[in-house]
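S.K.: Could you have a look at this structure, given as structure tokens, before my questions?
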Amino acid sequence: MILKKEFYARSAMVVARDLLGCFLVRKIDGKILKSMIVETEAYEGMDDLASHASHGRTPRNDVMFGEPGICYVYLTYGMHHMLNIVTGKKDYPAAVLIRAVEPFFEIENPSSFETSARQRKTNGPAKLTKVLQIDRIFNKAPVYVKKYGLWIEEGERIKKSEIVCAKRIGIDYAGKYKDKPWRFYIKDNKFVSKKDNFFCCMFFGGKI
């Protein structure tokens with residue numbers, strides 16, 4: 001079942017956690033490619049110095065102020081696309097970055113099809129968008145309908161004891177927000193981009 005729009009109308013931290021175990025689905029040339037979301041990052045409000053919205057509303061980040069459940073896809077370093085899902089209320093900038101997925105489909109690889117080779121294809125936000133052919137054409141597209149060929153479905157419910165809460169990656173410029181434990185991933189999953197040594201199993205939805 002596709003996750004409804006209401007699923008995303010909550011805090012980015014709550015949505016980031018609850019997306020773990022859900023399926024990111026991409027339809028390409030009639031073929032359905034399904035991947036389990038195993039790592040996410042939350043970006044919450046204009047006070048979050050790691051967020052694109054921290055300097056105000058701009059043409060680039062305008063989609064973050066839109067309706068929940070729509071894609072915010074941006075290009076970084078002029079070459080890598082990043083897939084984010086807008087969360088919270090309209091006019092409040094918040095989103096969840098999809099950092100890593102575990103593919104449930106065959107990935108072309110010239111050497112092998114072992115897990116070690118597969119995980120290098122989708123264990124990062126720029127890698128997964130390349131494999132799933134996600135680019136700026138999906139910016140502002142809703143993920144709660146199949147119309148655009150990209151949607152998210154309900155998946156396995158991940159226990160709190162299996163969820164790791166850690167610092168976000170690559171945001172050393174974000175002052176006190178660089179250490180916020182707003183990255184979530186499934187413990188021991190081999191497709192996670194980077195693993196840490198502490199857990200936050202008592203996260204109930206408030207800001208950390």
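The values are calculated or read from the model by the stated rules, or taken from the named source; none is laboratory data. Everything numeric in this text was worked out from a predicted model, so none of it was measured. Every residue, glycine as well, gets a Cβ built from its backbone with ideal geometry; the counts of neighbours run over all protein chains shown.
S.K.: Say we look at the range 153-163 and pick out the residues that are under 17 Å from the mean Cα position of the chain (by Cα) and closer than 15 Å to Val14 by Cβ; which of these is surrounded by the fewest Cβ atoms within 10 Å (Cβ to Cβ)? It would help to see each step written out before you state the result.
M.R.: Quick first cut of the range 153-163, residues under 17 Å from the mean Cα position of the chain (by Cα) only: 153-158, 163.
From what's left, closer than 15 Å to Val14 by Cβ: 157-158, 163.
On the way: Arg157: 10, Ile158: 22, Ile163: 19.
Checking each candidate, the answer is Arg157.
S.K.: Answer yes or no: is there a residue in the range 82-105 that is without any contact (Cβ under 8 Å) to a residue 24 or more places away in the chain, part of a loop (DSSP other than H, G, I, E, B) and of a type outside the set (Phe, Trp, Tyr). Show your work before the answer.
M.R.: In the first step, residues of the range 82-105 are kept if they are without any contact (Cβ under 8 Å) to a residue 24 or more places away in the chain; the result is none.
Checked against the condition, which is being without any contact (Cβ under 8 Å) to a residue 24 or more places away in the chain, part of a loop (DSSP other than H, G, I, E, B) and of a type outside the set (Phe, Trp, Tyr), the range 82-105 yields no hits at all.
S.K.: Within the range 106-125, can you find the residues that are in a loop (DSSP other than H, G, I, E, B) and either small (Gly, Ala, Ser) or at pLDDT 90 or above (or both)? Let's see the steps before the verdict.
M.R.: Looking only at the range 106-125, we keep the residues that are in a loop (DSSP other than H, G, I, E, B), and these are 106-114, 123-124.
Those that are in a loop (DSSP other than H, G, I, E, B) and either small (Gly, Ala, Ser) or at pLDDT 90 or above (or both): Ser111, Ser112, Asn123, Gly124.
S.K.: Picking from Ala16, Ala42, which residue would you name as being assigned to a helix (DSSP H, G or I) and of a type outside the set (Ser, Thr, Tyr)?
M.R.: Details: Ala42 fails: assigned to a helix (DSSP H, G or I).
Among Ala16, Ala42, only Ala16 is assigned to a helix (DSSP H, G or I) and of a type outside the set (Ser, Thr, Tyr).
S.K.: Would you mind stating whether Val63 is β-branched (Val, Ile, Thr), modelled with pLDDT of 95 or more and closer than 28 Å to Asn189 by Cα?
M.R.: Details: β-branched (Val, Ile, Thr): yes; modelled with pLDDT of 95 or more: yes; closer than 28 Å to Asn189 by Cα: no.
So Val63 does not fit the description; no.
S.K.: Are there strands (runs of 3 or more DSSP E) fully within the range 126-197 with at least 1 residues that are hydrophobic (A, V, I, L, M, F, W, C), in contact with a Gly (Cβ under 8 Å, 6 or more places away or on another chain) and over 24 Å from Arg60 (Cα atoms)? List them. First the steps, then the outcome.
M.R.: Working: elements: 150-153, 163-166, 183-186.
In the range 126-197, the matching strands (runs of 3 or more DSSP E) lie at 183-186.
Condition check ((1) among the small types (Gly, Ala, Ser); (2) free of Cβ contacts under 8 Å to residues at least 24 places away in the same chain; (3) out of contact with any helix residue (DSSP H, G or I) (no Cβ under 7 Å at 6 or more places or on another chain); (4) under 25 Å from Asp196 (Cβ atoms)) across all residues:
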{"position": "Arg10", "(1), (2), (3), (4)": "no, no, yes, yes"}
{"position": "Val15", "(1), (2), (3), (4)": "no, no, no, yes"}
{"position": "Gly30", "(1), (2), (3), (4)": "yes, yes, yes, no"}
{"position": "Lys34", "(1), (2), (3), (4)": "no, no, yes, no"}
{"position": "Glu41", "(1), (2), (3), (4)": "no, no, no, yes"}
{"position": "Asp48", "(1), (2), (3), (4)": "no, no, no, yes"}
{"position": "Ala53", "(1), (2), (3), (4)": "yes, no, no, no"}
{"position": "Pro59", "(1), (2), (3), (4)": "no, yes, yes, no"}
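S.K.: Also, I was wondering about something else. Within the set of pairs 6 or more residues apart or between chains, which connect a residue that is among the aliphatic types (A, V, I, L, M) inside the range 119-143 to a residue that is modelled with pLDDT under 95 and part of a loop (DSSP other than H, G, I, E, B) with Cβ atoms less than 9 Å apart?
M.R.: Filtered contacts from the range 119-143: Ala126/Tyr77; Ala126/Met79; Val131/Ile107.
S.K.: Here is a follow-up. Taking Val25 and the conditions (1) surrounded by fewer than 21 Cβ atoms within 10 Å (Cβ to Cβ); (2) touching a Pro at 6+ places or on another chain (Cβ under 8 Å); (3) part of a strand (DSSP E or B), which numbered condition does it fall short on, given that it satisfies the others?
M.R.: Single failed check for Val25: (2).
S.K.: Additional query: Considering the range 47-90 alone, what residues qualify as being among the basic types (Lys, Arg) and farther than 23 Å from Glu6 by Cβ?
M.R.: Within the range 47-90, the first condition is being among the basic types (Lys, Arg), and the residues that meet it are 57, 60, 89-90.
Listed by number, the residues that qualify are Arg57, Arg60.
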